[in-house]
1. Quickly run through the stretch B:129-158 and pick out the residues that are free of Cβ contacts under 8 Å to residues at least 60 places away in the same chain and open to solvent by less than 20 Å² (accessible area, probe 1.4 Å).
2. Only one of these is under 18 Å from A:Arg39 (Cβ atoms), of a type in the set (Val, Ile, Thr) and more than 9 Å from chain B (Cβ to nearest Cβ): A:Ile376, A:Ile325. Name it.
3. Looking at the stretch A:349-368, is at least one residue more than 9 Å from every other protein chain (Cβ to nearest Cβ) and more than 26 Å from B:Met121 (Cα to Cα)?
4. Is it true that B:Val225 is within 24 Å of the chain's Cα centre (by Cα), assigned to a strand (DSSP E or B), at pLDDT 95 or above and not assigned by TED's automatic domain parsing to the domain that holds B:Pro85?
5. Can you go through B:Ala136, B:Ala153, B:Ala60 and tell me which one is outside the structural domain of B:Pro463 (by TED's automatic domain parsing) and either more than 30 Å from B:Gly337 (Cβ to Cβ) or of a type in the set (Asp, Glu) (or both)?
6. Residues that are at pLDDT 95 or above, surrounded by fewer than 16 Cβ atoms within 10 Å (Cβ to Cβ) and not polar (S, T, N, Q): find the helices (runs of 4 or more DSSP H) completely inside the stretch B:295-352 holding 1 or more of those.
7. Give the stretch B:190-205 a look and list any residue that's surrounded by fewer than 22 Cβ atoms within 10 Å (Cβ to Cβ) and aliphatic (A, V, I, L, M), or say none.
8. When the stretch A:252-272 is examined, which residues are found to be surrounded by fewer than 23 Cβ atoms within 10 Å (Cβ to Cβ) and under 21 Å from A:Glu344 (Cα atoms)?
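The values are calculated or read from the model by the stated rules, or taken from the named source; none is laboratory data. Computed from a predicted structure; not experimentally measured. FYI the Cβ positions are ideal-geometry reconstructions off the backbone, even for glycines, and counts take in every protein chain you see. Areas reflect the complete protein model, heavy atoms only, side chains present, ligands, DNA and RNA absent. Shrake-Rupley method; radii C 1.70, N 1.55, O 1.52, S 1.80 Å.
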Amino acid sequence: MTTSSISSAAHLRDCIRDASVRGTPLRITGAGTWLDAGRPVRSVESLSIQGLSGIVDYVPGDLTLTARAGTTLGEIRHETGKHNQWLALDPHGSDKGTLGATIATASAGPLASAFGTPRDLVLGLEFVTGTGSIARAGGRVVKNVAGFDLTRLMTGAWGTLAVLSEATVRLHACPQVDETIAVAIAGDSESLDRTRQLLRRLAFTPYACEVLSGPLAMSVLGRDEPVALFRLAGNIESVTAQRASLLELGQPVDVSSEAWTSLRAAEPTDAIVFRLSRHPSEIGTTWDEAVRLVDGAPGALLHATPARGIVRCILPSSEPTMARIGSALAAPPQSKRVGERMPERLWSAFPNRANSEIGGRLKQAFDPRGLLNPGILGNTV
Amino acid sequence: MAATSVASAPSVSATSSIDQALADRLAAIVGARRVLFRPSELLTYTADALPSYFKQPALAVFPGTRDEVVAVVRELAACGVPFVPRGAGTGLSGGALADGVVLVGLNRLTRVISVDPDNMMATVEPGVVNVALSRAVGAYGLHYAPDPSSQAACTIGGNVAENAGGPHCLKYGVTTNHILALEVILPSGEIVTLGGTDGENEGYDLVGAFVGSEGCFGIALAITVRLSRNPEGVRTLLADFMSIDAAAQTVSAIVATGIIPAALEMIDQATIRAVESSIYAAGYPTDAAAALLIELDGAIAGLEHDVETVETLCRANGARTVRIARDEVERTRLWQGRKKAFGAMGRVSSHLVVQDAVVPRTKLPEVLAQIHRVSQQNRVKVCNVFHAGDGNLHPNIAYDASDADETARVHVAMREIMTLCVDAGGTITGEHGVGLDKIAYMELIFSPESLAAMCTLREVFDPERRSNPGKVVPVHSCREWHMSPAARPSASLA
């Protein structure tokens with residue numbers, strides 16, 4: 001596969017126009033850290049936006065930042081950290097990932113419980129459509145209803161309607177105190193329900209709360225027992241009270257904030273990764289379904305986001321696992337399934353992501369020649 | 001759909017087909033009392049809350065149930081008649097005005113369909129009044145967070161159309177951050193479900209695309225919203241300053257601490273005086289150059305700590321007095337002055353123009369000084385009452401529209417103010433919408449290609465452009481606007 005590296009929005013436009021003339025579909029990539037995410041793309045050429053990088057505008061007092069799509073999350077973390085600010089996005093993977101890919105795939109991690117997903121933090125975008133038009137939507141201010149919301153349309157569209165070239169995001173000031181706490185729990189569905197009920201009742205929203213299965217807690221924290229991992233933040237008085245309110249779940253133990261970095265990077269290369277979800281109140285049932293699905297797969301890791309009703313399943317890839325999970329997934333799903341990464345043959349168990357009449361019309365309108373990431377969301381008609 | 005119907009301007013064919021026969025057919029659906037066809041009956045619907053635009057609908061129809069909405073929209077689709085959806089008519093951009101087309105009033109659809117307190121969500125019909133929803137879920141200790149100042153009258157359907165904001169959106173986000181799913185009838189009569197509640201939403205963010213589409217993409221039949229917990233504690237502070245600059249610096253200082261106030265509003269002297277001489281008097285000091293209304297909320301533990309931090313910052317940045325509401329009565333009174341400020345302006349003059357630009361927060365002092373200069377140069381009286389925390393300005397000018405000279409000066413001043421906000425890196429509207437009022441400014445901030453992309457999105461939902469025609473995007477700026485679908489390259493679908 002040949003790869004072109006992009007240096008400007010105009011260059012990106014020219015490449016897309018050229019591909020259009022040649023009728024050549026393109027695989028759009030960022031840092032290339034997650035190339036196996038999404039369905040297989042039918043393309044012979046690859047277009048990398050990694051070279052389109054750098055912070056364009058950052059006025060700390062505005063708590064907004066504009067950067068080119070290829071800028072890494074690490075660079076944004078570094079620059080904003082100098083001013084005691086941060087971008088509250090922690091997608092799975094690492095800070096080597098790019099802002100553009102994070103937004104394009106709407107990737108979110110544990111912080112989404114408190115800060116929402118990329119759609120809630122993106123303020124404006126510049127992008128190049130499949131017809132080769134450079135367009136902007138939204139702006140650089142924190143509130144904006146000028147025109148139709150192409151910003152949200154493009155966020156999570158997996159680069160199938162347009163390729164992102166620049167984004168403006170909302171930042172937050174760092175809290176006075178930011179603690180990571182682990183509480184050992186039973187790890188059964190009842191303990192998941194209890195954790196979710198506690199979160200629902202609390203007068204505050206933790207920055208994050210993830211329940212880790214025993215094997216995952218072993219890999220992240222070095223302790224082989226299921227835990228509820230909390231990130232508590234605010235002023236000292238508030239965090240002290242937050243901590244005390246977790247006592248009904250179990251004894252809170254301080255752990256290093258590195259746990260979050262390890263959790264983001266917990267999946268081995270080539271792992272099969274997917275998520276199950278339904279209403280948060282059904283988290284126990286969803287967890288049980290996940291446990292049943294991965295039963296017998298060596299090294300399976302699970303974690304749940306109780307406040308969002310999501311369970312994420314990570315399975316080290318092997319032939320026996322593939323066969324086993326393939327047949328397990330063939331059973332009718334009780335929860336909504338979202339695939340992250342897996343071999344091509346497993347994808348049939350995951351519904352097409354853009355499979356709606358309107359989805360098809362959008363694809364036809366913005367990328368009529370089907371040039372951009374064809375197939376990554378499944379069929380769009 | 002025939003290419004010819006796209007090429008022709010909607011209103012040309014529309015006017016001819018909006019006749020007694022159509023009125024009769026609609027009356028058969030909703031009942032004769034719910035169809036207004038005589039010009040005198042339609043007068044009420046010639047304006048919204050912005051008293052500067054008057055457009056007469058050819059007909060107004062008020063369905064009372066979901067099925068009636070569906071039947072009305074399908075009847076209009078069958079005869080190719082354009083329509084404008086309307087909620088309570090409290091909009092501030094002329095967005096719900098129907099110029100010679102059919103107005104579809106949705107304010108009779110007031111049912112709260114379901115509430116799921118455990119998962120903190122509710123499904124409502126579009127005509128449910130914003131504050132009525134919060135009241136309906138109050139027993140569960142929940143509320144619906146976006147709170148436009150018109151919340152006592154405006155509808156959730158209208159809020160969705162405009163992506164409405166409000167003072168508390170600084171901390172809690174605007175409408176689009178609170179909509180989980182929508183059942184929508186497209187202008188073609190097709191019913192689609194956007195988003196969902198049982199698990200993660202994947203694929204294109206169609207909820208995000210629909211919210212804020214200003215009635216141009218169809219009509220929401222059912223809206224599922226996210227509810228928020230009522231805060232355990234709320235503290236409301238009023239700080240007054242002898243200079244606008246000092247107040248603006250205080251805003252930046254508070255935001256920089258990491259404390260996100262539930263609301264952070266600025267009220268300038270002209271507004272304070274208008275409010276204090278009205279029935280909405282809130283006890284604001286009339287000699288202050290500006291006042292900040294600051295609200296902090298959340299868990300009680302740590303709240304006092306934040307109140308102290310904010311109070312200290314106010315004083316350090318030159319606040320003359322900082323008053324903390326002692327009880328709910330005082331808190332309500334402090335808020336009343338802010339929420340009813342536009343009403344109070346009514347005392348000043350008969351007409352009012354309101355803007356809604358947003359500027360980067362750090363540009364507030366500079367922009368406010370420039371607005372002051374513009375008002376002096378044009379001899380108009382600009383009042384400023386706005387969401388300072390997110391830089392969302394509401395400069396408004398009260399004037400007498402029967403005075404042609406004053407009216408002309410007002411319009412010049414408004415254009416200058418909008419231009420200087422855009423030059424400061426801002427946008428033309430933060431929460432009121434483009435509608436008719438700001439359509440002329442769209443080209444100030446968007447290139448023809450960007451506007452064309454918006455037209456493309458609109459055509460996915462409404463290829464005939466019959467829903468709220470002529471709003472949001474200037475027709476002439478869209479190159480593809482005039483291209484019939486048949487002339488476009490066809491998709492090789494992924």
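1. Within the stretch B:129-158, B:Asn130, B:Pro146, B:Asp147 qualify.
2. Working: A:Ile376 fails: more than 9 Å from chain B (Cβ to nearest Cβ).
That would be A:Ile325, the only listed residue that is under 18 Å from A:Arg39 (Cβ atoms), of a type in the set (Val, Ile, Thr) and more than 9 Å from chain B (Cβ to nearest Cβ).
3. If we filter the stretch A:349-368 for residues that are more than 9 Å from every other protein chain (Cβ to nearest Cβ), which is where we start, we get A:349-350.
The next check asks that each one be more than 26 Å from B:Met121 (Cα to Cα); those that pass are A:349-350.
Yes, the stretch A:349-368 contains a residue that is more than 9 Å from every other protein chain (Cβ to nearest Cβ) and more than 26 Å from B:Met121 (Cα to Cα).
4. Yes.
5. Details: B:Ala136 fails: either more than 30 Å from B:Gly337 (Cβ to Cβ) or of a type in the set (Asp, Glu) (or both); B:Ala153 fails: either more than 30 Å from B:Gly337 (Cβ to Cβ) or of a type in the set (Asp, Glu) (or both).
Sole residue among the options that is outside the structural domain of B:Pro463 (by TED's automatic domain parsing) and either more than 30 Å from B:Gly337 (Cβ to Cβ) or of a type in the set (Asp, Glu) (or both): B:Ala60.
6. Working: elements: B:303-316, B:328-339, B:341-345.
The helices (runs of 4 or more DSSP H) meeting that bar are B:303-316.
7. B:Ile191, B:Val192
8. A:Glu267, A:Pro268, A:Thr269, A:Asp270, A:Ala271
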